[in-house]
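Scroll down for the structure; my scribbles are underneath it.
The values are calculated or read from the model by the stated rules, or taken from the named source; none is laboratory data. Predicted model only: the values in this text are computed from it and were never measured. Note: ideal-geometry Cβ built from the backbone for every residue, glycine included; neighbour counts use all protein chains shown.
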Ligand code: ATP
Ligand code: ZN
């Protein structure tokens with residue numbers, strides 16, 4: 001698939017990163033004809049195809065060399081990198097640009113009523129999260145013996161449901177935490193969207209030339225928005 005002559009770029013199909021990623025591609029002059037239900041969108045003026053998938057799939061598609069480039073949040077990228085490393089799968093990639101959207105933080109939050117005096121208060125406790133590798137790395141760095149409990153969704157209700165003592169989840173405003181009787185305590189990872197490139201071997205000369213031609217335009221767009 002990566003042998004295709006057309007540059008393949010993975011973007012989130014629908015979610016927090018989709019609109020800004022598509023807007024950036026359009027701003028650098030790539031004409032796209034996106035039809036909502038389709039997995040693939042072809043550019044009408046460049047040898048570029050978009051693969052529209054769940055954001056969780058994007059790091060793996062890049063690291064396996066199935067696509068050439070991908071737009072992804074650093075939180076998801078780093079988590080999948082650690083997961084793949086632990087599983088003995090390819091985990092290499094190159095960051096082309098850090099972007100100006102998708103900003104959020106991965107934070108530990110505890111129930112309002114919990115007597116919390118720093119991370120050591122979580123010693124021996126369970127913490128629900130969708131990012132177990134990032135969280136366990138943090139516990140290890142802090143010398144804390146706590147357990148990350150993996151939940152794909154409904155992380156913020158885990159303490160009330162008796163599934164965990166605290167949570168570690170993405171926050172941008174804190175409104176969801178407050179609505180669930182939780183208080184943000186420690187930021188463990190700060191994230192933005194990034195544009196990444198596959199690292200396994202060189203891109204073909206044509207693709208490399210195309211990427212090198214597009215990157216200054218990305219810089220131009222980022223600069224204009226500053
Ligand atoms: P998908 O269906 O593609 O798996 P999703 O529900 O996992 O979607 P979104 O909620 O769209 O993902 O979030 C995608 C990314 O947007 C996050 O991984 C993160 O990098 C970024 N992001 C920015 N702000 C927030 C926020 N407040 N909450 C969650 N993610 C955020
Ligand atoms: Zn996702």
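Computed values, structure above
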{"item": "In segment 1-42, the residues that are under 13 Å from residue 69 (Cβ atoms) and modelled with pLDDT of 95 or more", "result": "6, 7, 8, 9, 10, 11, 21, 24, 25, 28, 30"}
{"item": "Single unsatisfied condition, residue 168 versus (1) over 16 Å from the mean Cα position of the chain (by Cα); (2) buried (at least 18 other Cβ atoms within 10 Å of the Cβ)", "result": "(1)"}
{"item": "Hey, residue 163 surrounded by fewer than 18 Cβ atoms within 10 Å (Cβ to Cβ), out of contact with any helix residue (DSSP H, G or I) (no Cβ under 6 Å at 6 or more places or on another chain) and more than 15 Å from residue 125 (Cβ to Cβ) or not", "result": "no"}
{"item": "Residue match in segment 58-69 (condition: within 10 Å of ligand 1 (Cβ to nearest atom) and in contact (Cβ under 8 Å) with a residue 12 or more places away in the chain)", "result": "yes"}
{"item": "Residue match in segment 105-115 (condition: surrounded by fewer than 23 Cβ atoms within 10 Å (Cβ to Cβ) and out of contact with any strand residue (DSSP E or B) (no Cβ under 8 Å at 6 or more places or on another chain))", "result": "yes"}
{"item": "Residues being part of a strand (DSSP E or B) and more than 26 Å from residue 172 (Cα to Cα) - total across segment 1-60", "result": "12"}
{"item": "Test: residue in segment 72-79 that is within 16 Å of ligand 1 (Cβ to nearest atom), surrounded by fewer than 15 Cβ atoms within 10 Å (Cβ to Cβ) and over 30 Å from residue 33 (Cβ atoms)", "result": "no"}
{"item": "Residues satisfying the stated conditions in segment 6-48, i.e. surrounded by 21 or more Cβ atoms within 10 Å (Cβ to Cβ) and away from ligand 1 (no atom under 15 Å from the Cβ)", "result": "7, 8, 9, 25, 48"}
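For every residue, the table says whether it meets (1) assigned by TED's automatic domain parsing to the domain that holds residue 221; (2) touching a strand residue (DSSP E or B) at 6+ places or on another chain (Cβ under 7 Å); (3) away from ligand 2 (no atom under 16 Å from the Cβ).
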position	(1), (2), (3)
19	yes, no, no
28	yes, no, yes
46	yes, no, yes
53	yes, yes, no
59	yes, yes, no
